[in-house]
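Heads up, the thing below is written out as structure tokens.
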Amino acid sequence: MFELHHLTALEQLDWLRRGEVTPTELATHYLERIERLDSELGAFTTVTPDAALSRARHLEQHVPKSAALWGLPLGDKDLWQRAGVRTTFGSRLMNDFVPEESDDIVVAMDEAGGISLGKTNAPEFGLPAYTESLVAPPARTPWDVTLGAGGSSGGAGVAVAAGLLPVAPGSDGGGSIRIPAAATGLVGLKPSRGRVPTGSGFLSLGGLVASGPLARTVADAALLLDAISGPSPWSVGPPSWDGGPLLDAAVRGEGRFQLGVMTTSPWDDAYDITVSPEAAEALEFATKHLDALGHGLEEIRLQSDPSYAPAFRAIWQAGAANIPAEGEQLELLEPLTRWLVARGRELDARHLATALQQLAMFERSVIHQFASYDAILTPSLAMTPRPVGWYSQDDPELNFAQQVQYTPWTSFVNVSGLPAITLPLSMTAEGLPMGVQLIGRPGREDVLLAIGAQLERRCSWQHRHPPQW
């Protein structure tokens, strides 16, 4: 039986603009699905039905349908503040915090005509690569609810994959869009540094964080990215409120490109990184189809750089140093976060400056190494989605090693400021999604979207859905 969530986000937007469905009807459909299904999935930490329906009625009466996301239901990651709505940052420390002002990325989604249905689940302060906090149930991949959805945009991934939202925004400081997209069978796009000014990495330590979309199709991802990029002197590309150049690239899906294929990572010098058979099979599947599409493929290796691992660790720890917890408040933090805060506050200015300089040099090296290619192909993740509770809660060093071994190809893309897209190309014999990652040149999301559209037309992953569908 047909239901509204069976439409793509782009199709839903078309229905909204043609009057086939109203914003109130569409929001109600998703709110009912959230109420019925989310207790098993952990996609949302807070649901705001009254505010969502009030917003829908406001759009119907006062906002032109030309708005980029007019009437489309969305969710705010629970690291983003929305005025008047509980925002936990995934932490008991902030369990009852209700902000008075909204963050810029939230304002941007409102200005684009979106309707927030609530807060999507995120781990404590967005630090881990899994979404299992002490303030909310774990985010579980709908393909197998014994397995985690990854992080830190885990709730957003679950919501889109299970049909609780048509598309969702996330943030990515070390893989936090691409990891849950891969674990839940979605397209996840981390844009270039500065592409989305309201969620820009310029505001984070080391310029690591970027906001971007999680979606079921490449075109849906482009639609949301165009909308939240907006007109700004900070934007890498042209203003995108009126139509969208990235959506155009995703719909056309044109071009033949030269691709590097890589399984080495900058963590190889410090940790034992193993590519699972499932990840290797997904990569081989991708190369077969890319070759058939006429793209050039060449195996490459990332040059060894022993400075990367300790420098990234230092930045990760330093990023936790400003968490507003002192004295007894520290006991409200989870063990991993307490360790990060303690290590971050021990760093002196010279150590931090050295780490930042090393990562800046690494960025230059990576861009130079990739300069001969239009995109670089890697596995998305080194393993299948990890079981809920798999990560150590007693040994922070082991926990960090587990995260690196699961996600060796994501963080260095943030350090380099490059765009990257995860594509849900294949399924394992056990019925779990396995993806590949394409890393692009600075500002060339259009190339990633074009290649993604070609693979989507060929492999039709948009027609695969988990049981809750």
Any hit, region 390-399, residues being in contact with a Lys or Arg (Cβ under 9 Å, 6 or more places away or on another chain), assigned to a loop (DSSP other than H, G, I, E, B) and hydrophobic (A, V, I, L, M, F, W, C): no
Single unsatisfied condition, Phe370 versus (1) more than 24 Å from the chain's Cα centre (by Cα); (2) of a type in the set (Phe, Trp, Tyr); (3) over 30 Å from Tyr391 (Cβ atoms): (1)
Any pair with Cβ under 8 angstrom, 6 or more apart, that starts in region 341-366 at a residue that is under 18 Å from Gly174 (Cα atoms) and assigned to a helix (DSSP H, G or I) and ends at one that is modelled with pLDDT of 95 or more and acidic (Asp, Glu): Phe362/Asp305
Residue within region 231-247 that is modelled with pLDDT of 95 or more and either polar (S, T, N, Q) or buried (at least 22 other Cβ atoms within 10 Å of the Cβ) (or both) present: yes
Output for region 13-38, where each listed residue is assigned to a helix (DSSP H, G or I) and either in contact (Cβ under 8 Å) with a residue 40 or more places away in the chain or on the phi > 0 side of the Ramachandran plot (or both): Leu13, Leu16, Arg17, Pro23, Leu26, Ala27, Tyr30, Leu31, Arg33, Ile34, Leu37, Asp38
Cβ pairs under 8 Å, 6+ apart, first in region 393-410 and in contact (Cβ under 8 Å) with a residue 24 or more places away in the chain, second surrounded by fewer than 16 Cβ atoms within 10 Å (Cβ to Cβ) and in a helix (DSSP H, G or I): Gln393/Pro335; Asp394/Pro335; Pro396/Pro335
Subset of region 197-221 (residues that are at pLDDT 95 or above, touching a strand residue (DSSP E or B) at 6+ places or on another chain (Cβ under 8 Å) and either aliphatic (A, V, I, L, M) or crowded, with 24+ Cβ neighbours inside 10 Å (or both)): Val209, Ala210, Ser211, Gly212, Pro213, Leu214, Ala215, Arg216, Val218, Asp220, Ala221
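Residue-by-condition table, conditions (1) in contact with a Lys or Arg (Cβ under 6 Å, 6 or more places away or on another chain); (2) more than 29 Å from Ala355 (Cα to Cα):
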site: Leu134; (1), (2): yes, yes
site: Ile177; (1), (2): yes, no
site: Val187; (1), (2): no, yes
site: Gly206; (1), (2): no, no
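Looking for whichever is in contact with a Pro (Cβ under 6 Å, 6 or more places away or on another chain) and either within 28 Å of His6 (Cβ to Cβ) or without any contact (Cβ under 8 Å) to a residue 60 or more places away in the chain (or both) here; the options are Gly155, Gly212, Gly188, Gly170. Which one fits? Outline the logic, then answer.
Numbers: Gly155 fails: in contact with a Pro (Cβ under 6 Å, 6 or more places away or on another chain); Gly188 fails: in contact with a Pro (Cβ under 6 Å, 6 or more places away or on another chain); Gly170 fails: in contact with a Pro (Cβ under 6 Å, 6 or more places away or on another chain).
Within the list Gly155, Gly212, Gly188, Gly170, the selection yields Gly212.
Pull up region 262-315, narrow it to residues that are among the acidic types (Asp, Glu) and touching a residue at least 40 places away in the same chain (Cβ under 8 Å), then point me to the one that is surrounded by the most Cβ atoms within 10 Å (Cβ to Cβ). Spell out how you get there, then give the answer.
Step one: list which residues in region 262-315 are among the acidic types (Asp, Glu), which gives 268-269, 272, 278, 281, 284, 291, 298-299, 305.
When the remaining residues are screened for being touching a residue at least 40 places away in the same chain (Cβ under 8 Å), the result is 268-269, 272, 278, 281, 298, 305.
Working: Asp268: 18, Asp269: 14, Asp272: 9, Glu278: 20, Glu281: 15, Glu298: 11, Asp305: 17.
Among them, the one singled out is Glu278.
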Looking only at region 52-87, and only at residues there that are touching a strand residue (DSSP E or B) at 6+ places or on another chain (Cβ under 6 Å) and in a loop (DSSP other than H, G, I, E, B), the one that is farthest from Asp226 (Cα to Cα): Arg86
Cβ-Cβ under 8 Å pairs, at least 6 apart or on other chains, region 419-433 side in a strand (DSSP E or B), far side among the basic types (Lys, Arg): Ala420/Arg178; Ala420/Lys190; Ile421/Arg178; Ile421/Lys190; Thr422/Arg178; Pro424/Arg464; Met427/Arg464; Pro433/Arg464
Index of the failed condition, Thr48 passing every other in (1) more than 23 Å from the chain's Cα centre (by Cα); (2) within 24 Å of Ala139 (Cα to Cα); (3) not aliphatic (A, V, I, L, M): (1)
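The values are calculated or read from the model by the stated rules, or taken from the named source; none is laboratory data. Note that the structure is predicted; figures quoted are calculated from it, not measured. All Cβ positions, even for glycine, are placed from backbone atoms using ideal geometry, and neighbour counts span all protein chains on display.
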